[in-house]
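K.L.:
Here you go, one structure.
The values are calculated or read from the model by the stated rules, or taken from the named source; none is laboratory data. Just so it is clear, the model here is predicted, and its values are computed rather than measured. When we count neighbours, we look across all protein chains shown, and the Cβ atoms used for this are built from the backbone with ideal geometry, even at glycine. Protein only, heavy atoms only, side chains kept; ligands, DNA and RNA dropped before computing areas. Shrake-Rupley method; radii C 1.70, N 1.55, O 1.52, S 1.80 Å.
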Amino acid sequence: MPLDMQSPSSSREPILTARGLTKRYGKVVALDRCDFDLYPGEILAVIGDNGAGKSTLIKAISGAVIPDEGEIRLEGRPVHFRNPTEAREAGIETVYQTLAMSPALSIADNMFMGRELRKPGLMGRLFRQLDRPRMEAFAREKLSELGLMTIQNINQAVETLSGGQRQGVAVARAAAFGSKVIILDEPTAALGVKESRRVLELILDVKARGIPIILISHNMPHVFEVADRIHVHRLGRRLCVIDPKAHTMSDAVAYMTGAKVPEEMKAA
Amino acid sequence: MPLDMQSPSSSREPILTARGLTKRYGKVVALDRCDFDLYPGEILAVIGDNGAGKSTLIKAISGAVIPDEGEIRLEGRPVHFRNPTEAREAGIETVYQTLAMSPALSIADNMFMGRELRKPGLMGRLFRQLDRPRMEAFAREKLSELGLMTIQNINQAVETLSGGQRQGVAVARAAAFGSKVIILDEPTAALGVKESRRVLELILDVKARGIPIILISHNMPHVFEVADRIHVHRLGRRLCVIDPKAHTMSDAVAYMTGAKVPEEMKAA
Amino acid sequence: QDGISACLITKTETNPFFVKMREGAQAAADAAGITLYNYAGQIDGDHESQVQAIETCIANGVDGILLVPSDSSAIVSSVQQARDAGILVIALDTPLNPIDAAHSTFATDNFEAGRLIGQYAAARLGEEAANAKIAFLDLNVSQPTVDVLRDQGFMTGFGIDVKDPNVIGDEDDPRIVGHDVTDGNEEGGRRAMENLLARDPDINVVYTINEPSAAGAYEALRAVGREDDVMILSVDGGCPGVQNVADGVIAATSQQYPLDMARLGIEAIARYAADGTLPENTPGKDFFDTGVRLIAAEPVEGVESISVEEGLELCWG
Amino acid sequence: MAEFHEKPTLLRRMQHALHVTPSLVPLIVLLAAIALFALLVGGRFFSAGSQSLVLQQVQIVGIVAAAQTLVILTAGIDLSVGAIMVLSSVVMGQFTFRYGLPPELAVLCGLLVGLGCGLINGLLVAYMKLPPFIVTLGTWQVFLATNFLFSRNETIRAQDIEAQAPILQFFGQSFRLGGATFTYGVVFMLILVLGLAYALRHTAWGRHVYAVGDDPDAAQLSGVNTKRVLISVYTLSGLICAFAGWALIGRIGSVSPTSGQEANIQSITAVVIGGISLFGGRGSILGALFGALIVGVVSLGLRMMGTDPQWTYFFIGVLIIVAVLVDQWIRKVAS
Amino acid sequence: MAEFHEKPTLLRRMQHALHVTPSLVPLIVLLAAIALFALLVGGRFFSAGSQSLVLQQVQIVGIVAAAQTLVILTAGIDLSVGAIMVLSSVVMGQFTFRYGLPPELAVLCGLLVGLGCGLINGLLVAYMKLPPFIVTLGTWQVFLATNFLFSRNETIRAQDIEAQAPILQFFGQSFRLGGATFTYGVVFMLILVLGLAYALRHTAWGRHVYAVGDDPDAAQLSGVNTKRVLISVYTLSGLICAFAGWALIGRIGSVSPTSGQEANIQSITAVVIGGISLFGGRGSILGALFGALIVGVVSLGLRMMGTDPQWTYFFIGVLIIVAVLVDQWIRKVAS
Ligand SMILES: Nc1ncnc2c1ncn2[C@@H]1O[C@H](COP(=O)(O)OP(=O)(O)OP(=O)(O)O)[C@@H](O)[C@H]1O
Ligand SMILES: Nc1ncnc2c1ncn2[C@@H]1O[C@H](COP(=O)(O)OP(=O)(O)OP(=O)(O)O)[C@@H](O)[C@H]1O
Ligand SMILES: O[C@@H]1[C@@H](O)[C@H](O)OC[C@H]1O
Ligand SMILES: [Mg+2]
Ligand SMILES: [Mg+2]
């Protein structure tokens, strides 16, 4: 079985790499000298048991958590994001497991949170007035693309949406603004069958636009359906990277849970 | 295809029935004249899309929500639970989707919340002192049965546990105290592969003890592995009840999402 | 502890009246070589802090306590404890209830202070006093004794039937437009004045509990252009207040002498510490009257008053 | 999930309006209160004079309530507003009269002191991550003690200010419009509230204030600099309180260190009656203005009826609870 | 998920102790404060007399803080504690002296009034689902106005009480132990706090109080009758405040309607310094007692040093913030 730890599916340079990332919470080591590589245009799935440190890994990459040690490079240049805004400005867009929306604000407000558009001219420059019509039109367009226009009112508060609809808004936001990397942490966990399908289609769409995606999921069929490579995370670090075409779901689960140890590991 | 709406897998009397349950939240009708039947000793799975009303149904049954209309009978007698405590006293034990634990309190405290044991003798009767040793020993035993004794300290606050461990504590609590019916709302949603497996084993254990179980899950392989009958919920009511041995997962999903309509419905 | 020490406990230490009292006491104590500790309640009426202060004074082993009680009755027990510990206790400004709970009381006769301005107002109006429209700007809802004494004293001086002299507000004289509370500060004075003007815009006499509330009332009157045809009466005789009499803001004020109260008190403690002499009362009264004088820019026949210039010599704060 | 699809009736449309415009509820209560007292007290109460008097009486509380609203929208609370206000006004007065600064400069110093106090609150809340209630419980006492120590408990007389530094009384100047008298302080309050209402609704900063109050973690993750927002809110609150201190000089004519002790309770009361959630993220600043006006109307109305001041407190207490009950009921019906 | 498995060092064990026993932090601060003032003031401060004086001075705040703790543990706040206390004491006094009831009966009536006030708060919070801050902001004013109206602002003199109804002063009686004087009120405070500490830790009711404060929905679903718990807490809080009112008569000798205006701020300060979370569910009632004692020690120490009272307020303000900073720092290090 070919298990590739370093070599990418293509031989191009990775767009995003991390080396030796470590993050401790008190006595818990959520990330333990973790490495990570993402190649241009690929869908990389990250799988692993509960508490393996997947969410912490992507939080470190997206600036939501500052690692204690280790280095992150974007397009070869080292980056040190101090907050999610900086990562977003660098083109990394993330849908967190907790969704990160402001319940009382509208869908449009949430989509543009932190990157609001201002009116052109004096009203915008001097009075810093928001350009509501433009933001709303954009939001409506993005939600339609996702087939989410069952939402009638773009000014509806997010708290009035169902769990699935919220998930959709969060994914739409990331897809709309991500220019270099899009990260999705369990984007289908709260979704029904139909909605999950739409999200998977969207992921493939984004890939077709040439933007690489990191997908965290517990759902093996989904992972095996869309991923180009699968990063298996275990005990705070990358255990191995496997090729979904060369492995079965049971292999993946066996690695994840420690039931089976990858070849090189045994050797080492 | 045999689709049974009324007739049980056995011909015995149902232990729990509901007729015409309705529950509105403002304009949303979460339950729309819903019927429900649970037979002694069976595992009944409830499946349905997001927002179909599954959680509301079991909340109505377990006293967490008071239906606007409709009737519930336990062992043939009408019951009107005004809160979860009354349902518990009647022998119905529930693991809610939100788990319902007090984060700052210990595992033992949480397991016995609302049914604490008091010391024997004067200290218990007069000073109402809790019997900590007895509660802790019991909690430890129940967690071991679930293979959850990686938890070192039964006096640990629940907030220090991982999502999966919390889930396990909630399931252990229900299994330990349920005498007539046990209801589990998405008990494996937050769990990894190994932990999910343990919960499924526990469900079969409980069934072996003769106690019927209601299992809500989005996970079709799990449902088809353990369920005796499958209640398909759609748009706030029971669409049909199917036999997992006579149907495929795709059938179930097709009913759930409305892609396919059960025979009798077409006739009607 | 060697040397003589004393305590001064005031109601608050944010009211200029008490600030000056404290300065007077400090000066007298420095002159006599007495160590002085100062305490105060957090707000007017806060007698619990005063109880704590008395206890601290006992623990510190002082020779005498000068006390302006926030509640006349409420701290009598603590005063008794101090007396039991051999400490001389003198009430300043506000008597205890019963008045002999303290060894002695050095105070203004507050009823007299009110009576004087009432009399003055009536005399200034002459005939028109029968048709006066009077607003009463009192202290606060808990009606402390100074509040009641001055208010009812004013009515007595003006010729209004006070009914129960211990209660404000039970009178039925039609000349009374109404009572409102000011908390003894400018803000409250203005608001109360506005409220009463809204009830009857023809008010022409205003009684105020003290000079800050009078200043606030004046602002309200000025806002509606009535500052020149309404007579404001007050009590205190602080320097800003007397200056306000000179400027025509206040028609007349009853001046009291907190500096004297404090100085005399410290001297009494010094004497007591030296040879155990107890202070004596003003003949015919059950307290030592530190005196009150009426200050008016325009004196009237039949009411004794001193001029603004004299008032400024004697003023405090 | 089934839904009723009904024709929107008048009632339903009203309920919808109430739901999307939260400040409508206190506005209705305000109009009802005015109508009630017009009935009880008679025409006098309804006069332009009485109504503009209410505005003058609530101007200080109204300005402070605007500051309080900002803080409460971020799920905080500012117990130090009254202390900041009076400290600022004392600084304006004493810098002029004790240190002989030009009054304009003294005003500027007072405003800076208010801003600085707010900044201290903001730093403790945003960087030390202390609960706002505790932070401002502490700074309240610190600022108030500073005020008394610095002022030496001296009052500066209105006449002296008028003669030497009239700019301190700027907000007390007034003009007439019909039968009504408006002070510049009242105008300032109205402009301030409308300006903040605009900023909260129509600028990114405003949306971020709501987002931080709603769910700070979510706001942080979705790209809001929560720390900066919190600091801007507390600092602005301090600055507004300093303006309230300036307006206070205009209102009472003089500078007095004992003023404003009730400002925090009164401002919180206005905010609460105005339907702004103490849990943050919900409510409109116009509501706080209406809340202040409701208290003003009820107080003046009761006084004009000749009610004993003690009963006024009683009724305000009842009013607080009833206002919130009504608010909750309307929201329930409307949802 | 990897874990470090270190040998528990002394430091780590201390940190662990601090973590599981939250009241240790204020206890350490308390001891430090006593040591500091013993140094600054000298032997006088360290004497049994001075130390028992602190106990006497904090007894009222200590009792009220116990009530406040219960409410805050359920994530509420009770602004009406001071008003309930003084209203109860006035009822005890006036029922005896105005209506001529036997004093024992009057005391009972006073206790019932306190309980009733608490019940009103509880019903509004539990059944009307109003935020506790707003409810008690309203009832505070209502109870206080009632107190003034009912008492007619009359103080009942200590001499009269001593002569006719000594039982009203019951909690003022004292006994000596070594050089220290203990009043029954102090003893009551200690027994009350220890009793409540027991009930909170070792009875089902206590666990439910924590659970409700922690997450009311979860508590409800896992079988706690949240409404009943809330009502029991507010009612008990009212009753305790009534006892505080009784103890107040013992402490000041007389019955005065102007007492207790500062009790709510002081009790909240004690609770906060005692390390109890204002968000509910976390903290120990012993902490509140230590918090009250810390304020008492610092105030007495500063007074005995002859510090200007304004500086005392200043330092207490600083103390509040520092105490919470220390508390937070220790928790962070220890976690
Ligand atoms: N803020 C935090 N404070 C303390 N511990 C944390 C924190 N965040 C994560 N952890 C711990 O770090 C470990 C890794 O958590 P993480 O959320 O990264 O896991 P995960 O792989 O995403 O799990 P899941 O599949 O359940 O989402 C867990 O033990 C978790 O309890
Ligand atoms: N407390 C509530 N207030 C308002 N609406 C509610 C409430 N609880 C449920 N609903 C609504 O009722 C409908 C049914 O919700 P329910 O939670 O029962 O769905 P479900 O089938 O359990 O979905 P899921 O699979 O996502 O858990 C949804 O539209 C939901 O938004
Ligand atoms: O007599 C004093 C009065 O003159 C002052 O203004 O306020 C407090 C009173 O005790
Ligand atoms: Mg995760
Ligand atoms: Mg559900």
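K.L.:
Run residue C:134 past the list (1) within 14 Å of chain E (Cβ to nearest Cβ); (2) open to solvent by less than 10 Å² (accessible area, probe 1.4 Å) and report the number of the one that doesn't hold.
P.N.:
The single condition residue C:134 does not satisfy is (1).
K.L.:
Only one of these conditions is not met by residue D:75: (1) at pLDDT below 90; (2) in contact with a Gly (Cβ under 6 Å, 6 or more places away or on another chain). Which number is it?
P.N.:
The single condition residue D:75 does not satisfy is (1).
K.L.:
Give the range C:193-203 a look and list any residue that's in contact with a strand residue (DSSP E or B) (Cβ under 6 Å, 6 or more places away or on another chain) and touching a residue at least 40 places away in the same chain (Cβ under 8 Å), or say none.
P.N.:
Scanning the range C:193-203 gives C:196, C:200, C:203.
K.L.:
Sticking with this structure for a sec: Here are C:137, C:66, C:96, C:116: which of them is at pLDDT 95 or above and over 21 Å from residue C:234 (Cβ atoms)?
P.N.:
C:66
Let's see how each residue does on (1) away from chain B (no Cβ under 13 Å); (2) more than 16 Å from ligand 3 (Cβ to nearest atom); (3) under 15 Å from the mean Cα position of the chain (by Cα); (4) within 29 Å of residue B:48 (Cα to Cα):
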{"position": "A:171", "(1), (2), (3), (4)": "yes, yes, yes, yes"}
{"position": "A:181", "(1), (2), (3), (4)": "yes, yes, yes, no"}
{"position": "A:194", "(1), (2), (3), (4)": "no, yes, no, yes"}
{"position": "A:204", "(1), (2), (3), (4)": "yes, yes, yes, yes"}
{"position": "A:237", "(1), (2), (3), (4)": "yes, yes, no, no"}
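K.L.:
So residue A:158 clears everything in (1) under 19 Å from the mean Cα position of the chain (by Cα); (2) open to solvent by less than 10 Å² (accessible area, probe 1.4 Å); (3) within 10 Å of another protein chain (Cβ to nearest Cβ); (4) modelled with pLDDT under 90 except one condition, right? Which one?
P.N.:
Residue A:158 satisfies all of (1) under 19 Å from the mean Cα position of the chain (by Cα); (2) open to solvent by less than 10 Å² (accessible area, probe 1.4 Å); (3) within 10 Å of another protein chain (Cβ to nearest Cβ); (4) modelled with pLDDT under 90 except (1).
K.L.:
Which residues, counting only those in the range D:284-335, are away from chain E (no Cβ under 11 Å) and polar (S, T, N, Q)?
P.N.:
Matches in the range D:284-335: D:284, D:299, D:307, D:335.
K.L.:
Take the range C:45-66 and flag every residue that is in contact (Cβ under 8 Å) with a residue 60 or more places away in the chain and farther than 17 Å from residue C:3 by Cβ. Lay out the reasoning, then the answer.
P.N.:
Within the range C:45-66, the subset in contact (Cβ under 8 Å) with a residue 60 or more places away in the chain is C:45, C:61, C:63-64, C:66.
Selection gives C:45, C:66.
K.L.:
Being among the polar types (S, T, N, Q) and assigned to a helix (DSSP H, G or I) is the filter here, so list the residues in the range E:245-301 that pass it.
P.N.:
Of all residues in the range E:245-301, those among the polar types (S, T, N, Q) come to E:254, E:256, E:258-259, E:261, E:264, E:266-267, E:269, E:277, E:284, E:299.
Residues satisfying the conditions are E:264, E:266, E:267, E:269, E:299.
K.L.:
Sort through B:1, B:5 and tell me the only one that's at pLDDT below 90, more than 9 Å from every other protein chain (Cβ to nearest Cβ), closer than 28 Å to residue A:162 by Cβ and more than 16 Å from ligand 1 (Cβ to nearest atom).
P.N.:
Values: B:1 fails: closer than 28 Å to residue A:162 by Cβ.
Among B:1, B:5, only B:5 is at pLDDT below 90, more than 9 Å from every other protein chain (Cβ to nearest Cβ), closer than 28 Å to residue A:162 by Cβ and more than 16 Å from ligand 1 (Cβ to nearest atom).
K.L.:
Scan (1) in a loop (DSSP other than H, G, I, E, B); (2) touching a residue at least 24 places away in the same chain (Cβ under 8 Å) for the single condition residue D:224 breaks and write down its number.
P.N.:
In the conditions (1) in a loop (DSSP other than H, G, I, E, B); (2) touching a residue at least 24 places away in the same chain (Cβ under 8 Å), residue D:224 misses (2) alone.
K.L.:
Can you find even one residue in the range A:177-197 that is more than 16 Å from ligand 2 (Cβ to nearest atom), modelled with pLDDT of 85 or more, in a helix (DSSP H, G or I) and of a type in the set (A, V, I, L, M, F, W, C)?
P.N.:
yes
K.L.:
Name the one entry in D:149, D:112, D:137 that is open to solvent by 20 Å² or more (accessible area, probe 1.4 Å) and under 22 Å from the mean Cα position of the chain (by Cα). Walk me through it before giving the result.
P.N.:
Values: D:149 fails: under 22 Å from the mean Cα position of the chain (by Cα); D:137 fails: open to solvent by 20 Å² or more (accessible area, probe 1.4 Å).
One residue alone meets the criteria, D:112.
K.L.:
Let me ask you something else. Looking only at the range C:133-159, count every residue that is hydroxyl-bearing (Ser, Thr, Tyr) and either away from ligand 3 (no atom under 16 Å from the Cβ) or outside any helix (DSSP H, G or I) (or both) and tell me the total. Can you show your working first?
P.N.:
In the first step, residues of the range C:133-159 are kept if they are hydroxyl-bearing (Ser, Thr, Tyr); the result is C:142, C:145, C:156.
Applying the additional criterion that residues be either away from ligand 3 (no atom under 16 Å from the Cβ) or outside any helix (DSSP H, G or I) (or both) yields C:142, C:156.
Adding up the residues that qualify gives 2.
K.L.:
Tell me which of these residue D:209 doesn't satisfy, since it passes every other one: (1) of a type in the set (A, V, I, L, M); (2) closer than 23 Å to residue D:80 by Cβ; (3) in a loop (DSSP other than H, G, I, E, B); (4) modelled with pLDDT of 90 or more.
P.N.:
Residue D:209 satisfies all of (1) of a type in the set (A, V, I, L, M); (2) closer than 23 Å to residue D:80 by Cβ; (3) in a loop (DSSP other than H, G, I, E, B); (4) modelled with pLDDT of 90 or more except (3).
K.L.:
Here's another thing I want to ask about it. Do we have any residue at all in the range A:122-138 that's away from ligand 1 (no atom under 16 Å from the Cβ) and within 22 Å of residue D:280 (Cβ to Cβ)?
P.N.:
First pass over the range A:122-138, keeping only residues away from ligand 1 (no atom under 16 Å from the Cβ): A:122-138.
Those still in the list that are within 22 Å of residue D:280 (Cβ to Cβ) too: A:130.
Checked the range A:122-138: at least one residue is away from ligand 1 (no atom under 16 Å from the Cβ) and within 22 Å of residue D:280 (Cβ to Cβ).
K.L.:
A follow-up question, please. If a residue counts only when it is of a type in the set (Gly, Ala, Ser), more than 14 Å from chain C (Cβ to nearest Cβ) and open to solvent by 10 Å² or more (accessible area, probe 1.4 Å), which helices (runs of 4 or more DSSP H) contained entirely in the range E:17-87 have at least 2 such residues?
P.N.:
E:24-41
K.L.:
In the range A:135-155, what residues are modelled with pLDDT under 75 and open to solvent by less than 60 Å² (accessible area, probe 1.4 Å)?
P.N.:
Our first condition is that a residue be modelled with pLDDT under 75; within the range A:135-155, this holds for A:146-152.
Hits for the range A:135-155 are A:146, A:147, A:148, A:151.
K.L.:
Read through the list (1) within 8 Å of another protein chain (Cβ to nearest Cβ); (2) within 16 Å of ligand 4 (Cβ to nearest atom); (3) without any contact (Cβ under 8 Å) to a residue 60 or more places away in the chain, then give the number of the only condition that residue A:128 fails.
P.N.:
(2)
Residues checked against (1) open to solvent by 20 Å² or more (accessible area, probe 1.4 Å); (2) away from every other protein chain (no Cβ under 13 Å):
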residue	(1), (2)
A:46	no, yes
A:50	yes, no
A:55	yes, no
A:60	no, yes
A:78	yes, yes
A:84	no, no
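K.L.:
Mind checking which residues of the range C:306-317 are surrounded by fewer than 21 Cβ atoms within 10 Å (Cβ to Cβ) and either within 21 Å of the chain's Cα centre (by Cα) or of a type outside the set (D, E, K, R) (or both)? Even if it seems obvious, please write down each step before you answer.
P.N.:
At the first step, the residues of the range C:306-317 found to be surrounded by fewer than 21 Cβ atoms within 10 Å (Cβ to Cβ) are C:306-310, C:312-314.
Answer for the range C:306-317, where residues must be surrounded by fewer than 21 Cβ atoms within 10 Å (Cβ to Cβ) and either within 21 Å of the chain's Cα centre (by Cα) or of a type outside the set (D, E, K, R) (or both): C:306, C:307, C:308, C:310, C:312, C:313, C:314.
K.L.:
So, in the range C:83-101, of the ones that are farther than 28 Å from residue C:150 by Cα and surrounded by 22 or more Cβ atoms within 10 Å (Cβ to Cβ), which residue ends up nearest to the other protein chains (Cβ to nearest Cβ)?
P.N.:
Filtering the range C:83-101 for residues farther than 28 Å from residue C:150 by Cα gives C:83-88.
Then keep just the ones that are surrounded by 22 or more Cβ atoms within 10 Å (Cβ to Cβ); that gives C:87-88.
On the way: C:87: 15, C:88: 19 Å.
By that ranking, first place goes to C:87.
K.L.:
On to the next question. Could you give every pair whose Cβ atoms fall below 8 Å, whose first residue belongs to the range B:93-108 and is small (Gly, Ala, Ser) and more than 16 Å from ligand 2 (Cβ to nearest atom), and whose second residue is open to solvent by 10 Å² or more (accessible area, probe 1.4 Å) and assigned to a loop (DSSP other than H, G, I, E, B), counting only separations of at least 6 or pairs across chains?
P.N.:
Pairs that qualify, where the first residue is small (Gly, Ala, Ser) and more than 16 Å from ligand 2 (Cβ to nearest atom) and the partner is open to solvent by 10 Å² or more (accessible area, probe 1.4 Å) and assigned to a loop (DSSP other than H, G, I, E, B), are B:102/E:215; B:104/E:282; B:106/B:155; B:106/B:156; B:108/B:155.
K.L.:
Since residue B:99 meets every condition but one in (1) in contact with a strand residue (DSSP E or B) (Cβ under 7 Å, 6 or more places away or on another chain); (2) more than 18 Å from residue E:205 (Cα to Cα), which condition does it not meet?
P.N.:
Residue B:99 satisfies every listed condition except (1).
K.L.:
A further question on this structure: Which condition breaks for residue E:187 when tested against (1) β-branched (Val, Ile, Thr); (2) within 7 Å of another protein chain (Cβ to nearest Cβ); (3) surrounded by fewer than 20 Cβ atoms within 10 Å (Cβ to Cβ)?
P.N.:
Checking residue E:187 against (1) β-branched (Val, Ile, Thr); (2) within 7 Å of another protein chain (Cβ to nearest Cβ); (3) surrounded by fewer than 20 Cβ atoms within 10 Å (Cβ to Cβ), the one that fails is (2).
K.L.:
With respect to residue D:231, determine if the residue is surrounded by fewer than 23 Cβ atoms within 10 Å (Cβ to Cβ), within 14 Å of chain C (Cβ to nearest Cβ) and within 30 Å of residue D:128 (Cα to Cα).
P.N.:
no
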